[in-house]
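Undergrad: Before I ask anything, here is the structure I am working with.
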Amino acid sequence: MIKLKDLDVSLLPQEKLLTKGVALLSDQELMAIILRSGIKNKNILELSKEVLNLLKDDFEHISIEKLTNIDGIGTVKACQIIVSIELSKRYLGNLDKKLIVSAEQIVYILNYLKHEKSENIVIVTLDNHSKLIKVNHISKGGFDYSLQHQKIFLK
């Protein structure tokens with residue numbers, strides 16, 4: 001196990017957030033900031049990786065009980081994770097009033113797709129003022145493909 005105090009300060013998640021911005025943090029580093037500390041035999045980055053692996057496998061059905069099965073995740077940290085997920089879901093649900101001005105914002109909106117195990121076709125509809133109208137999930141394909149006839153896009 002690598003101890004965080006042995007790492008270059010610029011590599012620590014919070015320091016990286018302050019110097020480079022949140023967009024450049026990995027999922028593991030974001031989770032490390034939420035969790036704040038590891039345990040004696042598992043540093044925060046290792047603990048974060050373990051939590052993310054659980055979320056990747058069971059994101060939709062994650063519970064405090066499942067999270068607390070991870071060594072180093074108690075009730076408080078499990079609650080922090082669950083609340084962070086719920087806050088994100090609520091925020092994403094309220095995006096209909098948000099102004100979309102960059103491709104990065106679209107990527108952020110569709111971030112939920114990264115947990116999918118198959119390819120998806122999604123249409124993001126904006127009004128004349130670049131405000132989000134709707135996100136339409138058109139089709140779900142296989143592991144590495146998604147088929148859809150072009151007529152569906154012309155409706």
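The values are calculated or read from the model by the stated rules, or taken from the named source; none is laboratory data. Please read these numbers as outputs of a predicted model, since none were measured by experiment. Methodologically, a virtual Cβ is constructed for each residue, glycine included, from the backbone with ideal geometry; neighbour enumeration extends over all protein chains shown.
Residues are listed down the side, and each one gets a yes or a no for (1) buried (at least 16 other Cβ atoms within 10 Å of the Cβ); (2) out of contact with any strand residue (DSSP E or B) (no Cβ under 7 Å at 6 or more places or on another chain); (3) within 27 Å of Q14 (Cα to Cα):
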{"site": "E29", "(1), (2), (3)": "yes, yes, yes"}
{"site": "N53", "(1), (2), (3)": "no, yes, yes"}
{"site": "S63", "(1), (2), (3)": "no, yes, yes"}
{"site": "N69", "(1), (2), (3)": "no, yes, yes"}
{"site": "G72", "(1), (2), (3)": "yes, no, yes"}
{"site": "V83", "(1), (2), (3)": "no, yes, yes"}
{"site": "L113", "(1), (2), (3)": "no, no, yes"}
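Undergrad: Here's a follow-up. Just the residues that are touching a strand residue (DSSP E or B) at 6+ places or on another chain (Cβ under 6 Å) and either surrounded by 11 or more Cβ atoms within 10 Å (Cβ to Cβ) or at pLDDT 75 or above (or both), please, taken from segment 85-98. Step through it out loud before you land on a result.
TA: Taking segment 85-98 and keeping what is touching a strand residue (DSSP E or B) at 6+ places or on another chain (Cβ under 6 Å), we get 95-96, 98.
If the condition is that a residue be touching a strand residue (DSSP E or B) at 6+ places or on another chain (Cβ under 6 Å) and either surrounded by 11 or more Cβ atoms within 10 Å (Cβ to Cβ) or at pLDDT 75 or above (or both), then L95, K98 are the ones that fit.
Undergrad: Quick one: which residue in S130, S146, S118, S139 is modelled with pLDDT under 75 and surrounded by 12 or more Cβ atoms within 10 Å (Cβ to Cβ)? I'd like the intermediate steps shown before the answer.
TA: Values: S130 fails: modelled with pLDDT under 75; S118 fails: modelled with pLDDT under 75; S139 fails: modelled with pLDDT under 75.
The conditions single out S146.
Undergrad: A further question on this structure: Does any residue in segment 9-37 that is under 10 Å from S48 (Cα atoms) come within less than 8 Å, Cβ to Cβ, of a residue that is among the hydroxyl-bearing types (S, T, Y) and part of a helix (DSSP H, G or I) six or more places away or on a different chain, and which pairs are these?
TA: Sorted first by the residue in segment 9-37, then by its partner, the pairs are Q28/S48; E29/S48; M31/S48; A32/S48; I34/S84; L35/S48.
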